[in-house]
Every structure is written in C-alpha cells, then in structure tokens.
1. Which far-off residues, 5 or more places away or on another chain, put their amide H under 5 Å from the one on D34, with H placed in the peptide plane?
2. Let me check I've understood the local charge: for R139, count other residues with C-beta under 14 angstrom from its C-beta, Lys and Arg +1, Asp and Glu -1. What total comes out?
3. Return one whole number: the accessible area per residue of the chain in Å², for a 1.4 Å probe.
4. Sort R32, R104 from largest to smallest accessible area, using a 1.4 Å probe on the heavy atoms of the protein chains.
5. Assuming 0.36 nm per residue, please report the length gained on full extension of the stretch E192 to A236 beyond their Cα-Cα distance.
6. If we count every other residue with Cβ under 13 angstrom of R195's Cβ, Lys/Arg +1 and Asp/Glu -1, where does the sum land?
7. Give me the number: length gained by fully extending E222 to E103, i.e. 0.36 nm times residue separation minus the C-alpha to C-alpha distance, one decimal in nm.
8. How high is the relative contact order of segment 33-149, in percent, with contacts defined as C-alpha pairs under 8 Å that are six or more residues apart?
Amino acid sequence: MAGPVRQALYLIPGLLCDAAIWRPQIAALLTRCDINVPDLRGFSSISAMAAHIAEHAPPRFAVAGHSMGARVALELFRQLRDRVTHIALLDTGVHPAPPGEVERRRRLTELSRDKGMRALADAWLPPMVAPGNFHGPLRDELYAMVERMTPEIHHNQIQALLDRPDARPLLAEIEIPALVGVGAADNWSPPEQNRAIADAIGSARFVTFEDCGHMAPLEAPEAVNAALRTWLALDAPTPR
C-alpha cells in the first residue's frame with residue numbers, strides 16, 4: 001500500500017541567511033515534506049531569486065519565506081501562482097523602500113566591505129533578536145551563518161531589497177492557504193506590519209510568536225513548527 005503523498009516545500013531564507021535559519025523546521029517537517037532550501041547568494045534582484053526557484057520547482061509545491069525570503073515567496077507566487085499550493089510569510093514586509101532605508105542599508109554594506117562580516121554581525125544581529133535571546137547557541141549559530149557570507153553577497157542582497165517590487169497589490173489575489181507569522185518583539189518587521197499583510201490577504205492565519213524578535217525560525221522554533229504544521233494541513237484549492 002502506498003504511503004501518504006509527501007508535500008513539496010520550499011523554505012526560502014532571508015538576508016544573509018542560509019539553510020541554518022530553517023534548521024528546526026527541516027528537522028520537524030522532513031518526515032512529511034520534500035524540503036528544498038534554495039541558495040540565493042548569487043542574485044541581486046528579488047525577481048531573479050524567484051525565477052531561479054521557478055526554474056527547478058515541481059508542478060505543485062508549498063512555499064514559506066522568512067524576511068527577504070518572504071518577499072521572494074510572493075514574487076514566486078506571482079510567477080507561478082497556479083502551481084503554489086500554500087504560502088507562508090514570516091517577519092516581513094510588502095512595501096517598497098521608504099525614505100531613509102537606502103542610507104541605513106548603505107551604511108551596513110560599507111561596514112561589511114570595510115571591516116568584514118564579523119563587524120557587520122556585531123552591528124546588525126543584536127537588534128534582530130528579542131532582548132534576552134542573544135546568547136549561547138542561538139548567538140553562535142547566527143554569527144556563523146552571517147560569517148559564511150561575503151561582503152559581495154551582502155551588497156547584492158541589499159541591492160535586491162532596495163529595488164524590491166511593491167507586493168501590496170498581489171496580496172488580495174492570494175486564495176490559497178496562507179500563514180503570516182511574526183515575532184512579538186520584532187522591531188524590524190513589527191507585528192502591526194505583518195498583521196496588515198494578513199488582513200490584506202483576507203483568508204490568512206495570523207500568528208504572533210512570543211518572546212521572539214526577527215529571527216523567528218530559530219528564536220521560537222516550536223511555535224513556528226506548530227504554525228507551519230497547521231498551515232500545511234489545510235487543503236489547497238484544486239488546480240484550474
């Protein structure tokens with residue numbers, strides 16, 4: 001007798017992140033999903049990142065994105081909407097770059113270029129994590145992930161974010177099972193911003209992860225795992 005059909009699932013990492021950001025989710029979902037974490041280090045636009053995933057994607061798949069990865073997930077939905085069965089957006093935004101963002105991000109790219117990735121991690125990581133969480137194994141794992149990157153990768157991904165499309169008009173077109181989740185202490189992509197995304201989708205489930213900042217998949221792994229399990233269990237619409 002054949003076993004249950006396994007879901008194809010893409011887990012898309014955010015800025016300066018790789019598969020390590022999804023480590024707890026890979027471990028939790030591997031028995032039920034065929035998981036792919038795309039490597040986005042060689043791209044400098046959101047559309048190119050999504051096109052790279054689309055080139056290798058199976059006929060039907062679910063996609064979850066974190067931070068920049070959620071913007072890529074939305075662009076992937078735009079490109080392949082009839083093939084995406086579920087979409088999850090964690091700790092993200094959908095608006096284009098507001099005034100002041102270019103200058104803030106440029107200062108960080110100059111820091112990584114001039115001082116290296118360790119110096120960037122020193123400046124960038126602590127505000128990304130909820131107060132009290134930035135220590136021990138979590139701190140070590142986040143530092144190691146950033147230090148696997150290079151100033152060139154950082155520059156390219158920042159350029160992708162600064163040139164990002166306005167995804168707001170796309171939200172009302174999402175009619176598949178949708179999850180929007182955010183750390184309660186996320187100061188970069190705050191809860192009210194993520195709640196507005198869920199409201200614009202309409203049918204999306206909105207989840208807040210307590211005692212958690214921007215790095216929800218690693219900061220609140222059990223809560224994120226539970227939210228993803230519930231989301232994946234929802235029935236996808238029949239393909240047109």
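1. For D34, whose amide H was placed from the backbone, the distant partners under 5 Å are Q7, A8, L9.
2. Details: positive: R118; negative: D122, D140, E141, E147, E219.
Surrounding charge for R139 is -4.
3. 44 Å²
4. Reading off the accessible areas and sorting them downward yields R104, R32.
5. On the way: separation 44, 0.36 × 44 = 15.84 nm, distance 2.71 nm.
That pair, E192 and A236, stretches by 13.1 nm at full extension.
6. Details: positive: R205; negative: D91, D186, E192, D199.
Counting the neighbours of R195, the net charge comes to -3.
7. Full extension from E222 to E103 adds 39.3 nm.
8. Across segment 33-149, relative contact order equals 18 percent.
The values are calculated or read from the model by the stated rules, or taken from the named source; none is laboratory data. Just so it is clear, the structure is predicted and the values come from calculations on it, not from any experiment. Cβ sites come from the backbone with ideal geometry, for glycine too, and all protein chains shown count toward neighbours. In case anyone asks, the SASA skips ligands and DNA or RNA and just uses the protein heavy atoms, side chains included. Shrake-Rupley method; radii C 1.70, N 1.55, O 1.52, S 1.80 Å.
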